[in-house]
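Report on one structure; see the data block that follows.
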Amino acid sequence: MNYLQEELYSSLKTNPKIFEFIEKNSLDGIWYSDLENPENEWMDDRFWEILGYDPQKMPSKSSTWRDIINQDDLKAALTNFNQHIEDPNIPYDQVLRFTHKKGRTVWIRSKGMAIRNEENKAIRMVGSHLEITELKENEEFLHRCNQEANIGFWDMSVENKTIKWSNTTKAIHGVDLDFKPCLETSINFYKEGSSRTKITELVFRALNFGEPFNDELQIVTIQGEYKWVKVIGFPEKIKDNYNRVYGTIQDINDLKKSQIKLKQSEQAFRGNFENAAIGMALFDNDKKWIKINQTFCDILGYTHDELSLLSFEDITHPEDLHTDAAEIEEIIDGARDHYKVDKRYFHKNGHLVNIHFAVSVVRDTDNEVLYFISQIIDITLLKEQEKALKRIISITQDQNDRLKNFAHIVSHNLRSHSGGISALLQLLRDDEPELFENEMIQLLETSSFNLQETINHLSEVVKINLSSNDNLTLIPLSNIINKQIASLTPIAEKNNIKITNNTEENIKVLGISAYVESIILNFITNAIKYSSSERDSFLNINSEKKGPYIIISFTDNGIGIDLDLNKNKLFGMYKTFHDNEDARGIGLFITKNQIETLGGKIEVTSELNKGTTFKVFFKHEKN
C-alpha cells in the first residue's frame, strides 16, 4: 500500500473532520443500513436537504425514503440489492428517482457495499448518494431532441467485436428493441450497390486512417422499405490503433425525397424555361430582368447579353408603358396573383412587335413577392389577321346590307308585276271569258298563279333570314297547339285522323309567335296530308325537357318517308317525296329555316308505310 494511502486511513481514524470534509464535498450523502434490522437505516443530512426536507425531522427509518421513491425504481433497486447480497462481485449501483418535497423529480445515483462478518454473511451495508438530476434532465432533453430529429446512436468496437445501437437507431432500421446487431448485419442493411460499397469504404478508412465521415446513403429496413439516412462516424484511437468508430444515424427519408422532387422540379422548370416555344422571363419588383430565355430574345431580335442590358421601358411602346401598372401593384399588395395584357414592344430593327403578356407571381412563406414569371407570345401576325378579318367583315356586312336591299326590291317589284299580270288576266276573264277556252291562255293563267306563289315563298324565306334573335320572347306552346288542332279539326275528321296533344300545359319556348304557329301548323297539316288510307290514322304531339331545349315530337302512323333515298334532300326547297297533287316542296324548307332562326333544330325518323316522327328542339331560355 502506498504510504500516503496508509497515512490517510490512519488520519481518518483519529481525525473525524477529514471524513466530514470528504462526506460533504465529494458526495451528496452517505447512508448506512442494518441488514439484520432492515427498518433501521441512517441517511446523512445532505440526502434530505437535496430532497427539500429538514434532516432533524426525518426519522432514521427505511420506510421514510421508501414513501418518496419511484416504485418502479424501488423494485429495480431491491433486485440489484439481492443480487449483490448473494454475489459480492455484482455491484450495487442504481439510478433512482425521488419526489422532492415540492413535487419535482430528483435523480440520485446510489452505490453500496455490503459489510460481511467472519461467516461472510452480510450484516451491514454502506453506501453513497450522488445527485445527477441535471445530468439526467440534459440526457432526457437530448433524447427528446434526437427523437424529434429522428437521430440514433451507434458504436462499433473492433477490439470487442461488438456493435451497439440506440433504440432510435433500431427504430430507423425497423427492428425490435431486443435486436442484436453485428458488423455483417449492420452493413447488409445498406442498399446493395453504391450505398453498401460507400459505407464499407467509409468504415475501412475510419479504422485504417482515422478519417471521420458524413454521408447520405440508402438503407433497406427489415420490412423492405427503402429509406435515406444521414450517417456520421468518428474514429477513436486506442493506443496505436483505431479500434472504435461511433456516431449517429438520422432518418432523412422525407427530406431527401423532397430534395429530389425539388431538384427534379427545378430541372423540369429550367428545361421548360430555356427550351420553351414561347418567350419567358423572370423579373423583380423593380422590373429588372432576373432570367431571359432565348425565344424572348429571338422575338425581339436581340442577343441574350443585349436584351439583358435593356429595361422594360427601353423595349415598350410609350403608350403601353403603364397599361399594366395597376395590375402589378395589385399583385404586390396581394389582391391578385396573375394578369394578362396585350402590349407593343420595339424590335431591335425598329418595327413594332405585338405581344400577349401573361404574368404570374412567386411568393415566399410570408406572402411577399420573390419574383414574377412572364410569358411572352408574339401575336403580330394574329393582330394583322384580325385587322384583315375586320375589313372582310365590314365588306361582307356592306354586301349583306346591299343583298338585303336587293332582296326587298326584287321581292317588292316582282310582287307588283306578278300582281299586275294576275289583275290583267282577271280583267280579261271578266271581259272576254271565251278566250280562256284557249289552251295558251289557260297556260298563261297557270304560269301567272305559279309565279305569284313562288314570289310569296321567296318573300317568306327572305323574311325568315332577316329575323333577329333579339326579337324572341317566351311563348306558351300548348295553347298554340290546341288552337291549330281546333282550326284543322274538320279536315282531320274528313281524313279520319285523330290528333292528341300530350304536351305539358305550362311549357313555354323562345320564339316569334308567327313562326311558332307556322311550324306547328305545317307539321299537323303534313300528318293529315300524308295519312294512310289503309288504317285509322293518328298524330300524337308530346313534349319533354332536355338541357336547354323543349322537344316537341310529332308522331304519326302515316305513309312514311324513305329516308335512305331522301334523307339528304328532305328539307331542300321544292323537294317532294310523294305524288300528292298539292305537294310543292316548300313547307319543310320554310319550317326548318324558321326553327333554326329561333335557335333550334329538327330531327326526323321514319319508315315507309309505318309512320314518321319529327322532333322539334325549341330553346326555352336565353343563353
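In the range 45-72, the residues that are basic (Lys, Arg) reach residues that are exposed (fewer than 15 other Cβ atoms within 10 Å of the Cβ) with C-beta atoms within less than 8 angstrom, at least six apart or across chains, in these pairs: 46/24; 61/39; 61/40.
Restricted to the range 206-259, the set of strands (runs of 3 or more DSSP E) holding at least 3 residues that are of a type in the set (Val, Ile, Thr) and touching a residue at least 12 places away in the same chain (Cβ under 8 Å) comprises 226-238, 241-251. Taking the range 214-233 as the range and being in contact with a helix residue (DSSP H, G or I) (Cβ under 9 Å, 6 or more places away or on another chain), under 14 Å from residue 199 (Cα atoms) and of a type in the set (Val, Ile, Thr) as the test, the residues that pass are 219, 220, 229, 231.
In the range 92-169, counting only strands (runs of 3 or more DSSP E) that sit wholly within it, the ones holding 3 or more residues that are small (Gly, Ala, Ser) span 105-116, 122-131. When residues in the range 476-527 are screened for being out of contact with any helix residue (DSSP H, G or I) (no Cβ under 9 Å at 6 or more places or on another chain) and within 12 Å of residue 552 (Cα to Cα), 2 of them pass.
Exactly one residue among 469, 506 is at pLDDT 85 or above and under 23 Å from residue 549 (Cβ atoms), and that residue is 506. Of 238, 232, 222, all but one fail to be over 23 Å from residue 150 (Cα atoms) and more than 32 Å from the chain's Cα centre (by Cα); the exception is 238. Tell me, please, whether a residue that is surrounded by 12 or more Cβ atoms within 10 Å (Cβ to Cβ), closer than 29 Å to residue 141 by Cα, of a type in the set (Gly, Ala, Ser) and within 41 Å of the chain's Cα centre (by Cα) can be found in the range 168-175. The answer is yes, given that some residue of the range 168-175 is surrounded by 12 or more Cβ atoms within 10 Å (Cβ to Cβ), closer than 29 Å to residue 141 by Cα, of a type in the set (Gly, Ala, Ser) and within 41 Å of the chain's Cα centre (by Cα).
Within the range 510-543, the set of residues being polar (S, T, N, Q) and part of a helix (DSSP H, G or I) comprises 513, 518, 522, 525, 526. Just one of (1) touching a residue at least 12 places away in the same chain (Cβ under 8 Å); (2) under 21 Å from residue 271 (Cα atoms) fails for residue 287. It is (2). One residue stands out among those in the range 315-329 that are assigned to a helix (DSSP H, G or I) and either of a type outside the set (D, E, K, R) or under 25 Å from the mean Cα position of the chain (by Cα) (or both): the one that is nearest to residue 352 (Cα to Cα), which is 315.
With respect to the stated conditions, residue 332 fails to be of a type outside the set (Lys, Arg) and not assigned by TED's automatic domain parsing to the domain that holds residue 285. Looking only at residues in the range 544-561 that are assigned to a strand (DSSP E or B) and surrounded by 21 or more Cβ atoms within 10 Å (Cβ to Cβ), the one that is farthest from the chain's Cα centre (by Cα) is 556. Evaluating residue 335 against the criteria (1) touching a residue at least 24 places away in the same chain (Cβ under 8 Å); (2) hydrophobic (A, V, I, L, M, F, W, C); (3) part of a loop (DSSP other than H, G, I, E, B) leaves one unmet condition, (1). Of the residues making up the range 289-296, at least one is loosely packed, with under 14 Cβ neighbours inside 10 Å and outside any loop (DSSP other than H, G, I, E, B). Restrict the check to the range 377-392 and report whether at least one residue is modelled with pLDDT of 90 or more, part of a strand (DSSP E or B) and surrounded by 12 or more Cβ atoms within 10 Å (Cβ to Cβ). For the range 377-392, residues modelled with pLDDT of 90 or more, part of a strand (DSSP E or B) and surrounded by 12 or more Cβ atoms within 10 Å (Cβ to Cβ): present.
Might you let me know whether the range 50-57 holds any residue that is closer than 15 Å to residue 132 by Cα, at pLDDT 90 or above and not in a helix (DSSP H, G or I)? Looking for residues that are closer than 15 Å to residue 132 by Cα, at pLDDT 90 or above and not in a helix (DSSP H, G or I), one finds at least one in the range 50-57, hence yes. Out of 242, 246, 226, one residue alone is loosely packed, with under 13 Cβ neighbours inside 10 Å and among the aromatic types (Phe, Trp, Tyr). It is 226. Being surrounded by fewer than 21 Cβ atoms within 10 Å (Cβ to Cβ), at pLDDT 90 or above and out of contact with any Phe, Trp or Tyr (no Cβ under 9 Å at 6 or more places or on another chain): is that true of residue 534 here? Criteria not met by residue 534.
The values are calculated or read from the model by the stated rules, or taken from the named source; none is laboratory data. No experiment lies behind these values; they were computed from the predicted model shown. Note: ideal-geometry Cβ built from the backbone for every residue, glycine included; neighbour counts use all protein chains shown.
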